[in-house]
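A.B. asks: I'd like to ask you about the structure that follows.
The values are calculated or read from the model by the stated rules, or taken from the named source; none is laboratory data. Because the structure is a prediction, the values reported are computed rather than measured. No Cβ is skipped: glycine too gets one built from the backbone with ideal geometry, and neighbour counts run over all protein chains shown. Note: areas computed on protein heavy atoms with side chains; ligands, DNA, RNA excluded. Shrake-Rupley method; radii C 1.70, N 1.55, O 1.52, S 1.80 Å.
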Amino acid sequence: MVGTGVFKKVAPMAAELHSPMLVLACWAVAGVISLAGALTNAEMAGMFPQAGGEYTYYQHVYGRLFAFLYGWGSFMVMKTATIAAQAYVFGQSLISLFGLAEESVGLAVKIAATGLIIVLSLLNYRGLAVAEGVTRLLTILMFVAMLAVVVLGLHSDLGSWANLTTPDTRAVSTDGNLLNALVLASLGAFWGYEGWNYIGYMGEEVKNPQRNLPLALGFGTALVIGLYMLLNAVYLYGLPIDALARLNNSPDKIAAVEVVRQGAGVVGVLFVSGLIVVTTFNATNATVLMSARLFYAMARDGLFFRSAAQIHPRYQTPWVAVLLQGIWAVVLVWSGSFDQLTDRLIFAAFIFYGATAFGIIWLRWRLPNAERPFRVPGYPAVPLLFGGFCLFLVVITLINQPVQALTGLALIATGLPFYWFWKK
């Protein structure tokens, strides 16, 4: 889950809301709703601990076509574009450490991003133990480094607890609609939490999945919520809300770097840049690791390229699925369009997330006596909260951004001819 959002999204959120308390409230609300989603997914994961995550759940609840459309959307954009975007930010952070000339930065970033995707695809080709070992080590380093960012941020020369309660009174909202501003800011926070559902994709490779999948989903998400709230409080302590909002006009600047710059100078900047390199490397590796299992599951069911169902005889990995995913992610890096595609499909992701929540309620009614190793606490309030919010977000997007929303649906619909072909 911990990738780029927690370091960058506070700036656009500050520019939308102009209030530190509203920024923190958005992170808290997005975290609670993501936790509700994780707990809801946990019940599904316990019932159906097979590879593929939501793709597998949807087959049991909604049938093969709906499950396929989720998987196709994930391959075309939702997962592969995430890999491309994470790798691109990795390249930006890595290249910034070398101070290249501005005219050569763009090409260097794409080369670095491509190299990362190739390296991580090869790591995951070689085996789960290798890829998981890398993730475990980097996760430990990442959490230690983030705590160091908290300490450095609290030593900022410009830091003040008054910054957390002082709004930007000089700012004037462009449309006067607080609800729209809250929704836009919340999308930034949800991007930071994106990834809480990935562990379900590899259900067949998790020991004691009925117990460990719900634990990973619930406790893992709760831990990240606490970490994100702490880091954003430090950003808002370190810089006034208007200063953070101005950073949104400088895409090459990262809020976490600017906050630490106040407390630790150039050394702090290098430290945080190195931290972002580590976190984006780790997040990209996790996405490559998990998402390939989704495409493997589709191929095994005859709803994807048949070769993607192959398991390597020596390394026991879905190696063709890993390579196909990597090739398409590299294409998206060089197309330069993955950000736009991700923006158009973020609302589509919430269509599928909401479908999981309402699917839990449907299964409770249709199969009341089915074995459920984990039952979502607070049923039916928790899945209704999550599903209701997903529905609200989809409706708001359709009203305010109809072109982007309909384009996203059209991209998913491009899978229909493939579905009919593979089904036949």
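A.B. asks: Quick query: amide H of A51 versus all other amide H atoms, modeled in the peptide plane; which residues come in under 5 Å with a sequence gap of 5 or more or a different chain?
C.D. replies: G203, E204
A.B. asks: Using +1 on the beta carbon of Lys and Arg, -1 on that of Asp and Glu, and nothing else charged, what's the dipole of the chain about the Cα centre, debye to 20?
C.D. replies: Working: 24 positive and 19 negative charges, 254 e Å.
Once rounded to the nearest 20, the dipole reads 1220 debye.
A.B. asks: May I ask which of K79/K253; K9/K79; K9/K207; K110/K424; K8/K79; K8/K423 have a Cα-Cα span longer than 31 Å here?
C.D. replies: Details: K79/K253 26 Å; K9/K79 20 Å; K9/K207 35 Å; K110/K424 39 Å; K8/K79 20 Å; K8/K423 43 Å.
With Cα atoms farther than 31 Å apart: K9/K207; K110/K424; K8/K423.
A.B. asks: Using 0.36 nm per residue of separation minus the Cα-Cα distance, give me the extension gain between R306 and V266 in nm, one decimal. Please report the intermediate quantities before stating the final value.
C.D. replies: Numbers: separation 40, 0.36 × 40 = 14.40 nm, distance 5.17 nm.
This chain segment gains 9.2 nm when fully extended.
A.B. asks: Apply 1/(1 + (r/R0)^6) to the Cβ-Cβ distance of T139 and Q210, taking R0 = 25 Å, and write down the FRET efficiency to the nearest 0.05. List each step's numbers first, then the result.
C.D. replies: Working: r = 24 Å, r/R0 = 0.95.
Plugging the Cβ-Cβ distance into 1/(1 + (r/R0)^6) gives 0.55.
A.B. asks: Ignoring any ligand, DNA or RNA, what whole percent of the accessible area of the stretch 302-424 comes from carbon and sulfur when the probe is 1.4 angstrom?
C.D. replies: Details: 4440 of 6510 Å².
Whole-percent figure for carbon plus sulfur exposure: 68.
A.B. asks: Could you work out how much longer the chain between H155 and F98 gets when fully extended? Use 0.36 nm per residue separation minus the Cα distance between them, nm to one decimal. Spell out each step's value before the answer.
C.D. replies: Numbers: separation 57, 0.36 × 57 = 20.52 nm, distance 2.65 nm.
Difference between extended and current length: 17.9 nm.
A.B. asks: Give the span of the stretch 309-407's Cα atoms along each principal axis, as three whole-Å numbers ordered largest to smallest.
C.D. replies: Extents along the principal axes, in whole Å: 47, 45, 19.
A.B. asks: For the stretch 1-147, what is the convex hull volume of the alpha-carbon atoms per residue, in Å³?
C.D. replies: Values: hull volume 26.4 nm³, N = 147.
Convex hull of Cα atoms, per residue: 180 Å³.
A.B. asks: May I pose another question? Please report, for the Cα atoms of the stretch 45-122, the Rg to one decimal and the Dmax as a whole number; what are they, in angstrom?
C.D. replies: 17.9, 54
A.B. asks: With the contact rule set at Cα under 8 Å and sequence spacing of 6 or more, what percent relative contact order holds for the chain? Intermediate values should be presented prior to the final figure.
C.D. replies: Details: 665 pairs, mean separation 144.7, N = 424.
Here the relative contact order equals 34 percent.
A.B. asks: Here is a follow-up. Nothing charged except the Cβ atoms of Lys and Arg (+1) and of Asp and Glu (-1): what's the magnitude of the dipole of the stretch 1-140 about its Cα centre? Round to the nearest 20 debye. Write out the running numbers ahead of the final one.
C.D. replies: Values: 7 positive and 6 negative charges, 43 e Å.
For this selection, approximately 200 debye.
A.B. asks: For the stretch 1-157, which whole-number percentage of the solvent-accessible area (1.4 Å probe, protein heavy atoms only) is attributable to carbon and sulfur atoms?
C.D. replies: Details: 3940 of 5580 Å².
Within the stretch 1-157, the accessible surface is 71 percent carbon and sulfur.
A.B. asks: Going out from 0 in 20 Å bins, what whole percent of all Cα-Cα distances in the chain drops into each bin?
C.D. replies: 26, 60, 14, 0
A.B. asks: Per residue, what accessible area does the stretch 271-424 have, given a 1.4 Å probe and all protein chains present, in Å²?
C.D. replies: 46 Å²
A.B. asks: Using a Förster distance of 41 Å, how high is the FRET efficiency between N400 and V130, based on the Cβ-Cβ distance and rounded to 0.05?
C.D. replies: On the way: r = 45 Å, r/R0 = 1.09.
Efficiency at R0 = 41 Å is approximately 0.40.
A.B. asks: Rounded to a whole number of µm²/s, how large is the Stokes-Einstein D of the stretch 370-424 at 4 °C and 1.567 mPa s, given Rh as the Kirkwood radius over C-alpha pairs?
C.D. replies: Values: Rh = 14.4 Å.
Value of D from the Cα-based Kirkwood radius: 90 µm²/s.
A.B. asks: Here is a further query. Take peptides 284-290, 36-42 and line them up by average Cβ neighbours within 10 Å, highest first, as a rough protection proxy. Present the calculation step by step, with values, prior to reporting the outcome.
C.D. replies: Values: 284-290: 24.6, 36-42: 26.6.
In descending order of packing, they fall as 36-42, 284-290.
A.B. asks: If you roll a 1.4 Å probe over the stretch 216-275 with all protein chains in place, what percent of the accessible area is carbon or sulfur? Could the numbers behind the result be given before it?
C.D. replies: Working: 1530 of 2300 Å².
Roughly 66 percent of what the probe reaches on the stretch 216-275 is carbon or sulfur.
A.B. asks: Related question: Evaluate the stretch 181-263: find the radius of gyration of its Cα atoms, find its Kirkwood radius, and give the ratio Rg to Rh.
C.D. replies: On the way: Rg = 17.0 Å, Rh = 15.3 Å.
Ratio of gyration radius to Kirkwood radius for the stretch 181-263: 1.12.
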